[in-house]
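A short reminder: the numbers here are calculations on the coordinates, not readings from a lab. Here the structure is a predicted model, which is why all the values come from computation and not from measurement.
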Amino acid sequence: MTDGSPTEGGTGGSAGSDSTTGGGTTGGGTTGGGTTGGTTGSDGTTGGTTGSDGTTGDSGDASLCQDACDKLVSCGLEENARECLSWCDPLGEEVSDPDVFPGCAALVEDFLECVAEEPMCFERDPCSGLDVAIEEQCSCGRTAGGAIDGSECTYEEECGAVSREVHCVGGTCICEVNGEDVGECQTQAKICGSLDQGSDLMAIAAGECCGWEPFELGD
């Protein structure tokens, strides 16, 4: 359900309706034939590392991030270790909940090992399969849509294996988690009224209605 991701989807506006979409994945950076960063996930404990340009970083797995970044810098795909570690270091925290991101830590570990061990500077992009798997399974996003007059609206957010939806019509909003009803509220005006003000405000309104904290999205 993220922008540019296979998980993007959700409910849009019906005929004669207006819809907005917001979302994103974390990270950044690309290899010669596919993405190397731009995905969430990591595993292990935090430890200090010294980059190839003499900088210090605290990676989720220090050796994996350092080795991957050294490879990307040596292949000319990252400018320096400092910039590379800036997206590699936080990955562990972003997918630290195994209930939300099952298997993501192992996927990212395999991906970083693949990057670090690539002998041909990604000429054949051997790590792209892992990168795509991370993008599909470990990303977050939001979608929102509804009628211009506020008579109905739907808000959806998804992170990893967890999806949430709020559908409002007739003055009542129904809350669902992974397709199951978990409650309702009578705050349609507030939720649908925030539709044209951006997904952040709609996320807050939906969370207040259903009693959950909105998922945090990466930049």
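Residue-wise, which Karplus ³J(HN,Hα) couplings in Hz belong to region 69-75, taking 6.51 cos²θ - 1.76 cosθ + 1.60, θ = phi - 60°, and x for glycine or proline?
5, 4, 5, 5, 5, 5, 8
Amide H of Glu152: which non-local residues (sequence gap of 5 or more, or other chain) have their own amide H closer than 5 Å, using H built in the peptide plane?
Correct list: Ala147.
Under the Karplus relation 6.51 cos²θ - 1.76 cosθ + 1.60, θ = phi - 60°, what is the ordered set of whole-Hz ³J(HN,Hα) values for region 193-206, x standing for Gly and Pro?
x, 8, 4, 8, 10, x, 5, 4, 5, 5, 4, 5, 4, 5
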